[in-house]
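Asker: There's a structure below that I have some questions on.
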Amino acid sequence: MSPRILSGNTVRDSRLVELIKKFSEITPTPELAIIQVGDRPDSAAYIKAKISFAQKVGVVAHHIYLPENASQEDIVIEIKKCNENKLIKGVIVQLPLPAHIDRDVVINTIDPHKDIDGQTAFNMQCLREGRPDAIVPATARGIRELLSYYNIDINNKKVTVVGRSALVGTPVAQVFARYRAVVTVAHSKTIDLMKETSSANVIIVAVGKPRLISTEHVRSGQVIVDVGITREGEVGLDTKTKLVGDVDFDKVSKVIGSTGAITPVPGGVGPMTVLGLFENLLDACK
Ligand code: NAP
C-alpha cells in the first residue's frame, strides 16, 4: 500500500483565500523586492514562483536583476534603496550568489525587519535564542506548517535532519527542537547516515543529491520530507529536464508503506517555502 502524500500544493492553496484577505486589509499595499544576481536557471524558476504567488495574493513584487559580474557594492546599493523605501516590507536576495560576492556582507545589509528569508545574523541569533519574534526562514516555517496541516505530531519524536546549511538544515533543526522534537543533524561527515535516518520517526532531507536516501535508510511507518531540488537531464530534441529530490521516491514509498507519509518533488516543500515567505511578509507588515 502507498504512503500518505504530503502535498504542499494542497496546503498552500488552502491558505490562499485567507492570505488574499489579510493582504487586502493592509494599506498601502505591501511591496516585496527580490534581488537576483546572475542567470542561474534554478534561481529564475524560484523567483518566477514567488512573483506568481505575489500576484495571486495581491502583493506588488519588484524583481531587481543584476548581471553575474555585478560588484558587491552594486548589490549593497540596491538593498539599501529597498531598506529606505517605506512601501517595501520584505527584501529577498535570491541565493546562491556568484562566488566573488561575500554572502554575509550582502545578507546583513538587509534591514532585519524586512528580512523575510530570516537569513541576517540578527534574525538567526533570534532563532537560536528561541525568541518568539524571530523570523523563521521560509522553508523551515513551511515544513513545520506542512506537518501540522497533516496532523503529524513531532512532540518528543525523533527527527533526523540531513543537511546543516544556514538556509535550510540548521533553521529546520532549530525550529523542530523548539517544538519539542528530539533532533539529530546529519551532514557530509556523518559516519553512519543509515543509523541516524532509520532510527528516526521523521526524516527531513536537505542536501541536493538526487536519490541520496533510498531503501536502506528508511523503515516502515516513517515520515519523509524531501527538501532537495535538482534538475536532471538536458534540454534537447529527445530529452527533457525534470525536477528530482534527494529521496528515491518510488523505492522509499514501498518501504515506508501505508503507515508512512512522504512529500513529492515537485509539489511538496517547494510550495510550502513560498507560503512561508509570504507569511513572513505578513508578519513584517505588522
Ligand atoms: P547546501 O548549502 O549545499 O547544503 C547541503 C548540506 O548537505 C550540507 O550541510 C552538507 O554537509 C550536506 N551533505 C552533503 N552531502 C551529504 C551526504 N552525502 N550525506 C549527508 N549530508 C550531506 O544546500 P542547501 O541550500 O541547504 O539546499 C539543499 C537542497 O535543498 C538543494 O537541492 C536545494 O536546491 C534545495 N532547496 C529547496 C528548497 C525548497 O523550497 N524545496 C529551498 C531551499 C533549498 P556539510 O555541511 O558537511 O557540507
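The values are calculated or read from the model by the stated rules, or taken from the named source; none is laboratory data. This is a predicted model, so every value here is computed, not measured. Cβ atoms come from the backbone with ideal geometry, glycine included; neighbour counts cover every protein chain shown. Accessible surface is based on the protein model in full, side chains and every heavy atom, while ligands, DNA and RNA are left aside. Shrake-Rupley method; radii C 1.70, N 1.55, O 1.52, S 1.80 Å.
Asker: Hey, any idea what % of the stretch 27-111's accessible area is carbon plus sulfur with a 1.4 Å probe?
Answerer: Numbers: 2270 of 4180 Å².
It is 54 percent, rounded to a whole number.
Asker: In the stretch 126-168, which residues have a backbone nitrogen under 19 Å from the label point lying 7 Å from Lys209's Cα in the Cα-to-Cβ direction?
Answerer: Flagged as within label range: 160-168.
Asker: Work through the residues other than His63 whose Cβ is under 10 Å from its Cβ and net out their charges, Lys, Arg +1 and Asp, Glu -1.
Answerer: Working: positive: Lys48, Lys50; negative: none.
After counting each charged neighbour, the total is +2.
Asker: Have a look at the DSSP beta bridges in the chain and tell me what percent are antiparallel, nearest 5. Numbers along the way, then the final one.
Answerer: Working: 3 of 33 bridges.
Given both bridge residues lie in the chain, the antiparallel proportion sits at roughly 10 percent.
Asker: Subtracting the Cα-Cα distance from 0.36 nm times the residue separation, let me have the gained length for Arg180 to Cys285 in nm, one decimal.
Answerer: Numbers: separation 105, 0.36 × 105 = 37.80 nm, distance 2.88 nm.
Here the segment from Arg180 to Cys285 would lengthen by 34.9 nm.
Asker: Take Ser52 and Asn108, extend 7 Å from each Cα along the Cα→Cβ direction, and tell me the distance between the two endpoints in nm.
Answerer: 3.7
Asker: Next question, about the same structure. Rounded to the nearest whole Å², what accessible area per residue is found for the chain with the 1.4 Å probe? Display every interim value, and only then the final one.
Answerer: Working: 13780 Å² over 286 residues.
Computed with neighbouring chains in place, this is 48 Å² per residue.
Asker: Using 0.36 nm per residue of separation minus the Cα-Cα distance, give me the extension gain between Ala166 and Glu25 in nm, one decimal. Mind dumping the intermediate values first?
Answerer: Numbers: separation 141, 0.36 × 141 = 50.76 nm, distance 3.34 nm.
So the chain would gain 47.4 nm between Ala166 and Glu25.
Asker: Distance from the Cα centre of the stretch 153-194 to that of the stretch 1-78, in angstrom?
Answerer: One Cα centre to the other: 26 Å.
Asker: For the charge dipole of the stretch 137-269, defined by +1 on Lys and Arg C-beta atoms and -1 on Asp and Glu C-beta atoms about the Cα centroid, which residue among Val182, Gly245, Gly228 has the Cα displaced farthest towards the positive pole?
Answerer: The residue sitting farthest along the positive end of the dipole is Val182.
Asker: Based solely on its DSSP helices, what 222 nm [θ] is calculated for the chain when runs of n ≥ 4 H residues each add -39,500 (n - 2.57) and the sum is averaged over all residues, nearest 500 deg cm²/dmol?
Answerer: -11500 deg cm²/dmol
Asker: Using a 1.4 Å probe on the protein heavy atoms, what percent of the accessible area of the stretch 137-269 belongs to carbon and sulfur? Write out the running numbers ahead of the final one.
Answerer: Details: 3240 of 6330 Å².
Carbon and sulfur: 51 percent of the exposed surface of the stretch 137-269.
Asker: Here is a further query. Considering only the stretch 140-259, what is the antiparallel percent among its DSSP beta bridges, to the nearest 5? Don't skip to the answer; put the middle values down first.
Answerer: Values: 3 of 17 bridges.
Rounded to the nearest five, the antiparallel share is 20 percent.
Asker: Still on this structure, I have one more. Most fluctuating residue of Asp246, Asp133, Asp117 in a GNM of the chain with Cα springs under 10 Å: which is it?
Answerer: Ranking Asp246, Asp133, Asp117 by mean-square fluctuation puts Asp133 first.
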